[in-house]
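Since every read-out is calculated from the coordinates, none of them should be taken as a lab result. Given the structure is predicted, the values throughout are model-derived calculations rather than measurements. Here Cβ is always computed from backbone atoms with ideal geometry, including for glycine, and neighbour counts include all displayed protein chains.
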Amino acid sequence: MTEHGQLHDAAPAAVPDDPAIVMRGVTKIFGPDPEAALALLREGRSKADVQAETGHVVGLDNVSLDIARGQIYVVMGLSGSGKSTLIRHVNRLIEPTAGEIVVNGEKVLDMTMAQLGDFRRNRIAMVFQKFGLLPHRSVIDNVAYGLETRGVGRAERLEKAAHWIGIVGLSGYETSRPRQLSGGQQQRVGLARALAMDTDILLMDEAFSALDPLIRSGMQEQLLELQSSLNKTILFITHDFDEALKIGNRIAVLKDGAVQQVGRPEEIVLNPANAHIEEFVRDVNKARAIHIRTVMEEGAFEPCEMAMPADARCEDVLPCFDQHEWVGVLDGTGRQIGRVRARQVIKALARYAPSNGQA
Amino acid sequence: MFPELIDTRPLRRAVDDGLGWVVRNWGGELEAAAYPLLMLLNWIERLLIATPWWLFIAFFVGLAFVATRNWRLPLVVFLGLIFLGLMQLWRDAMITTALMVAATLTAIVVSIPVGVWMSRSERVRQMVTPVLDLMQTLPSFVYLIPTVMIFGPGKIPALLATIVYASPPLIRLTDLGLRNVDPAVMEASRAFGTSSTQRLFGVQIPLALPTILAGINQTTMMALAMVVIASMIGAGGLGYQVLQGIGRLEVSRGLFAGLGIVALAIVFDRITQAYGRRIQERIGVGEVR
Ligand SMILES: Nc1ncnc2c1ncn2[C@@H]1O[C@H](COP(=O)(O)OP(=O)(O)O)[C@@H](O)[C@H]1O
Ligand SMILES: [Mg+2]
């Protein structure tokens with residue numbers, strides 16, 4: 001459990017001035033004449049209004065995000081809220097109706113087709129909800145696919161592919177066909193294919209949503225473990241708030257194509273911006289969302305026998321109270337900055353339950 | 001009776017004169033243009049006739065075995081081909097097979113690019129589809145007569161007519177197969193920075209291959225269906241035997257030659273279908289979602 005806590009610790013090495021991905025006022029309207037619908041939207045009409053009046057679907061409504069390097073940035077929303085549309089703008093699989101997108105300092109929308117191909121081959125990799133594996137290729141050739149399009153020689157790409165197949169735990173399946181694998185295994189192939197690209201940025205569109213709960217949970221842990229050593233910028237899409245809380249360093253909540261709230265997981269849990277988000281929060285496992293840093297007793301105390309990083313979640317620290325009265329809280333350098341005990345954690349979990357208000 | 005509102009005679013004369021003009025002024029050029037086709041057909045025909053019968057049978061029985069790993073299809077192929085030999089139809093069968101193979105090869109070379117083009121542009125599809133409808137419904141004699149006028153009776157008009165008749169299903173199925181490739185796979189490929197040509201050859205065509213093979217299968221069948229008509233304009237082969245049987249009221253001759261065509265059809269149909277199934281199994285299209 002201690003390791004699990006540390007996974008979150010390693011993540012935000014953010015340089016605030018140099019975000020990996022910036023979206024500014026990105027708006028997408030699906031339909032033959034988006035300009036008319038755009039004008040209506042700009043007048044402040046809702047997605048439903050615009051659709052009723054013009055027959056055009058608002059995919060994204062004025063989305064602005066700054067995604068710092070080395071983070072797992074989660075975009076969360078119900079089905080149809082525009083999550084897939086959003087993530088596809090980052091590598092320009094979808095052209096926006098309006099707005100600006102900057103990735104690694106480059107304006108994606110100004111790229112020529114050739115530059116865009118280059119950008120997709122070298123700067124960014126993607127994992128898909130429906131896996132998107134090539135059914136006529138073996139597992140290893142699927143994993144090597146991105147490297148192949150990049151022009152990497154056969155021997156080198158197969159070696160790299162074999163390495164990543166090993167890392168995602170599929171050694172022995174190199175020559176299998178995708179259809180011979182289970183859903184979870186297929187998505188591991190999808191993940192290995194993206195990781196083999198060795199890009200700084202990884203896009204994951206509901207990568208685990210099609211998997212069974214147990215397998216999904218295993219994949220989440222594996223992703224966190226990988227991230228602790230890889231330190232990529234991961235834009236992760238999900239419709240599952242629990243998943244968002246578990247893996248996100250930051251979460252943006254999307255509804256009807258518009259961003260409702262952006263914040264650290266516990267900020268969203270503790271202060272939901274509106275009724276829509278509160279509905280998510282109500283059913284959520286708060287122990288997973290709240291960092292011990294937010295509930296600790298700050299100050300210089302006697303070093304405790306047991307200690308955890310400040311980014312560990314209440315969920316991680318709870319089992320420790322079985323043996324210890326106090327658990328120390330460490331900052332990034334390993335210095336103890338405070339301590340927690342069971343009562344504080346229980347209070348935090350109880351206090352924010354909406355049923356008893358802000359008691 | 002429908003009232004005669006316009007005089008169709010000048011119109012008809014214009015068409016007839018136009019064709020006559022083409023024959024007089026372009027006949028030589030058109031014949032030269034079709035010459036490579038004739039070369040192809042003659043080459044295949046010579047090859048097949050020169051091939052010993054036992055080698056031919058062994059080759060197709062082997063092909064059937066490789067496709068199915070089972071003795072049933074090879075046995076069917078063996079019996080079908082032995083029938084042709086026993087009935088003294090071997091040489092005619094080779095001539096017919098040559099026409100079918102030449103027409104199918106040409107149809108593949110022409111139809112697959114057209115199908116690819118259709119699959120990529122809605123406008124092209126809207127333009128080509130009615131042409132295909134026309135090719136499939138227009139009685140073949142309608143275009144057979146002008147081709148005979150241009151090229152004279154013989155193998156070239158027979159080959160051209162067979163190609164025109166047999167191409168549409170392959171064009172349609174190529175288009176259909178390419179468009180039905182799982183969009184999730186296509187998008188994934190796009191996200192990895194492939195060009196549209198890379199996607200066509202690396203993803204779309206391999207995944208559409210079972211459908212394209214079904215098109216090739218239909219093309220071979222339609223080409224075989226054309227042999228009797230083709231023999232009327234000098235293609236020879238099994239169709240010519242059928243024609244002679246009818247002409248001389250020799251029912252047996254027509255019947256045996258007709259059964260010979262059926263035997264050839266079964267051999268080629270089952271073999272191409274078996275290969276289609278094998279490829280389908282290998283890539284498992286439809287199972288990966
Ligand atoms: N190609 C498209 N054409 C028209 N509407 C679309 C298209 N793609 C998505 N939409 C619409 O845009 C909205 C957002 O879709 P999507 O981004 O797929 O949502 P999510 O991934 O959150 O489920 C939905 O209302 C959907 O119907
Ligand atoms: Mg989606």
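For the protein assembly as shown, a/c is not less than 1.5, where a ≥ b ≥ c are the root eigenvalues of the C-alpha gyration tensor, and a/b tops b/c. That puts it in the prolate class.
The alpha carbon gyration tensor of the stretch B:30-81 gives principal lengths a ≥ b ≥ c with a/c of 1.5 or higher and a/b greater than b/c, which makes the shape prolate. Of all stretches in chain B that contain no GluC sites (Glu not before Pro) in a DSSP loop with at most 16 other Cβ atoms within 10 Å, the longest one is B:5-249. The charge dipole of the protein assembly as shown, taken about the Cα centre with unit charges on the Cβ atoms of Lys, Arg (+1) and Asp, Glu (-1), comes to about 2060 debye, rounded to the nearest 20. Taking the empirical scaling 2.2 N^0.38 Å for compact globular proteins as reference, the stretch B:10-283 has a Cα radius of gyration ratio of 1.12. For the residues B:TYR240, B:TYR165, B:TYR143, a GNM of chain B with alpha-carbon springs under 10 Å puts the largest fluctuation on B:TYR143. Per-residue ellipticity at 222 nm computed for the protein assembly as shown from its helices equals -18500 deg cm²/dmol, with DSSP H segments shorter than 4 residues left out and the rest contributing -39,500 (n - 2.57). With a 10 Å cut-off around each Cβ of A:128-139, the average count of Cβ atoms from other chains is 6. Comparing mean-square fluctuations of A:GLY25, A:GLY44, A:GLY218 from a GNM of chain A with C-alpha springs under 10 Å, the top value falls on A:GLY44. Pairs exceeding 30 Å between alpha-carbon atoms, taken from A:LYS47/A:LYS130; A:LYS130/A:LYS347; A:LYS47/A:LYS347; A:LYS107/A:LYS255; A:LYS160/A:LYS232; A:LYS107/A:LYS286: A:LYS130/A:LYS347; A:LYS47/A:LYS347; A:LYS107/A:LYS286.
Loop-only trypsin sites (Lys or Arg not before Pro) in the stretch A:253-359, please: DSSP not H, G, I, E or B, and at most 13 other Cβ atoms within 10 Å.
Those satisfying the criteria are A:ARG335.
Taking the charge dipole of chain B about its Cα centre, with +1 at Lys and Arg Cβ atoms and -1 at Asp and Glu Cβ atoms, the residue from B:VAL262, B:ALA67, B:GLN241 reaching farthest to the positive side is B:ALA67. GNM on chain A, C-alpha springs below 10 Å: top fluctuator among A:ASP198, A:ASP212, A:ASP66? The residue that fluctuates most here is A:ASP212. Along its principal axes, chain A has C-alpha extents of 62, 57, 38 angstrom, given from the largest down. Working note: Karplus 6.51/-1.76/1.60 with θ = phi - 60° gives the stretch B:66-72 the couplings 4, 6, 10, 6, 7, 8, 5 Hz, where Gly and Pro are set to x.
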